[in-house]
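The values are calculated or read from the model by the stated rules, or taken from the named source; none is laboratory data. Model, not experiment: these values are computed from the prediction. Quick reminder, even Gly has a Cβ in these numbers, built from the backbone with ideal geometry, and neighbours come from all protein chains shown. Note: accessible area is taken over every heavy atom of the protein model, side chains too, but ligands, DNA and RNA are not part of it. Shrake-Rupley method; radii C 1.70, N 1.55, O 1.52, S 1.80 Å.
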Amino acid sequence: MSINQAMLAALRAISYADPDVSKNYKLMREVKTLTGRRVLKSPYQTLDHEIARCGHTIPVRLFAPGDSFLEKPRGLLLFFHGGGWVTGNIDSYDKVCSSMAKATGQLVLSVDYRLAPEHKFPAGLEDCYCVARELFCGRGVPGIKPEQITLIGDSAGGNLAAAVSLMARDRGEFLPRRQILLYPATASDHSETSPFPSVRTNGTDYLLTSRRVQEYMDLYKSSDADLTSPYFAPLLAKDLSSQPKTLIITAEYDPLRDEGEAYGRALSGAGVETKIVRLASAIHGFIALPPRFVHVKRAYAQINEFLEQGVRV
């Protein structure tokens, strides 16, 4: 299956006008927030909270899968949003998380981690880890047990979910049982020297460009030494043992496609139960499309199948 010519022409036109992230990231944040907010009041319940155990407060938003938090959920998805570590917040992903809660029947907890370049690596990652530690150590959502929690993130958020899992194993404070990585960034080279063909074949015409990914990483890193850290680029980890059962969903026309799938193969090679699903004709960021879109439906079908095979309590 391929993208039709009219859609391809539109994507190319948008991609051609690729703004300089370093000069426009504040405006990009505003646009992302405006387009991500719900226009109408949602029939689903949300609850805003702050976690203040890490030297500063980290805003989080909890989404109910139904019209009340009193209903017993199937579990909890701990969600880290995308946006290249530079844009995005709990408001810009409000519609995504509402849809995710409805589609999965699970509570969704979205983390408003600190963004680069004001807060460079590993600030945002440490925020995500802190919230995960609170939940897995029993100081989070009443009625939710650690084995009911699944890490999930898209793009840069998928990177953060993978990094939190590695960090959790290395620090020995908790260990997630499941993670879902949606078109994750797992490598640190998105130039012409990248070993992944999708960086070149999908890096100019499909909305997210390889140039933009590289610019995001330049803003995110504290120094060039970060580029070799497995917490910055999980695919560089020398040891992937004791990682959670993993579902990786990639998009056919995405510059990050090959590195996400490579991470899945590396996990599998380390003995981790891993499933890799490539959605034909999809582009990066498809999870933010309305729930009626075919790629969103297919993604949630895979996600729900994965969650159903998880631990039941």
Inset, instruction - Once you've got the GNM for the chain with C-alpha springs shorter than 10 Å, pick whichever of Glu126, Glu50, Glu252 has the biggest mean-square fluctuation. - result: Glu50
Legend entry - Cα centroid separation - segment 243-312 against segment 134-183, whole Å: 16
Legend entry - segment 258-313: trypsin sites (Lys or Arg not before Pro) in DSSP loop, at most 11 other beta carbons within 10 Å: Arg292, Arg312
Inset, instruction - Have a look at Ile249, Ile90, Ile303 and tell me which one the Gaussian network model of the chain (Cα, springs below 10 Å) gives the largest fluctuation. - result: Ile303
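Quote the relative contact order of segment 53-136 in percent (integer), defining contacts as alpha-carbon pairs under 8 Å separated by 6+ residues. Please list the in-between numbers first.
Details: 118 pairs, mean separation 32.8, N = 84.
Once divided by the residue count of segment 53-136, the mean separation gives 39 percent.
Pairs of alpha-carbon atoms within less than 8 angstrom and 6+ residues apart define the contacts here; what relative contact order does segment 130-216 have, in percent?
Values: 98 pairs, mean separation 20.8, N = 87.
For segment 130-216, the relative contact order is 24 percent.
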Inset, instruction - Taking H placed 1.01 Å from N in the peptide plane, check which residues at least 5 places from Arg278 or on another chain put their amide H under 5 Å from its amide H. - result: Thr250
Inset, instruction - Among the aspartates and glutamates, select those whose C-alpha is under 18 Å from the C-alpha of Lys275, and discard any that sit fewer than 8 residues away in the same chain. - result: Asp154, Glu252, Asp258, Glu259, Glu261, Glu305, Glu308
Legend entry - All lysines inside 18 Å of Lys145 as judged from Cα atoms, apart from same-chain residues fewer than 8 positions distant: Lys72, Lys245
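Return the calculated 222 nm mean residue ellipticity for the chain, to the nearest 500 deg cm²/dmol, obtained by summing -39500 (n - 2.57) across DSSP H runs with n ≥ 4 and dividing by the residue count.
Working: 9 runs with 113 residues, N = 313.
Result for the chain: -11500 deg cm²/dmol, rounded to the nearest 500.
As an exercise, identify the GluC sites (Glu not before Pro) in segment 270-313 lying in DSSP coil whose Cβ has no more than 16 other Cβ atoms within 10 Å.
Numbers: sites: Glu273, Glu305, Glu308; in loops: Glu273.
Hits after loop and neighbour filter: Glu273.
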Inset, instruction - Read phi for every residue in segment 76-89 and hand back ³J(HN,Hα) as whole Hz from Karplus 6.51 cos²θ - 1.76 cosθ + 1.60, θ = phi - 60°, with x for Gly and Pro. - result: 9, 9, 8, 9, 10, 6, x, x, x, 6, 10, 10, x, 6
Inset, instruction - Report, in debye and to the nearest 20, how large the dipole of the chain comes out about its Cα centre when Lys and Arg carry +1 and Asp and Glu carry -1 on their Cβ. - result: 800
Legend entry - Sequence of His56, His81, His284 from largest to smallest accessible area, 1.4 Å probe: His56, His284, His81
Inset, instruction - For segment 178-260, report the convex hull volume of the alpha-carbon atoms normalised per residue, in Å³, without decimals. - result: 97
Legend entry - Matching label, P(r) over Cα pairs in 20 Å bins from 0, in percent computed from the structure shown, candidates [x] 35, 60, 4; [y] 28, 45, 27, 1; [z] 32, 54, 14, 1: [x]
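Can you check what the net charge comes to around Pro291, using other residues whose Cβ is under 11 Å from the Cβ of Pro291 (Lys, Arg +1; Asp, Glu -1)?
Details: positive: Lys95, Lys102, Arg292, Lys297; negative: none.
Surrounding charge for Pro291 is +4.
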Inset, instruction - Can you tell me the relative contact order of the chain? Whole percent, Cα pairs under 8 Å, sequence separation 6 or more. - result: 17
Legend entry - HN-Hα J in Hz across segment 282-292 - Karplus 6.51, -1.76, 1.60, θ = phi - 60°, x for Gly and Pro: 7, 10, 4, x, 4, 5, 7, 6, x, x, 6
Legend entry - Those lysines that a straight Cα-Cα span of less than 29 Å connects to Lys26, excepting residues fewer than 8 apart in one chain: Lys41, Lys95, Lys120, Lys221
Legend entry - segment 143-247: GluC sites (Glu not before Pro) falling in loop per DSSP and having at most 15 other Cβ within 10 Å: Glu173, Glu192
Inset, instruction - Step through the residues of segment 171-183 one at a time and calculate ³J(HN,Hα) from phi using the Karplus curve (6.51 cos²θ - 1.76 cosθ + 1.60, θ = phi - 60°), rounding each to whole Hz and writing x for Gly and Pro. - result: 8, x, 8, 6, 8, x, 9, 9, 9, 10, 10, 9, 5
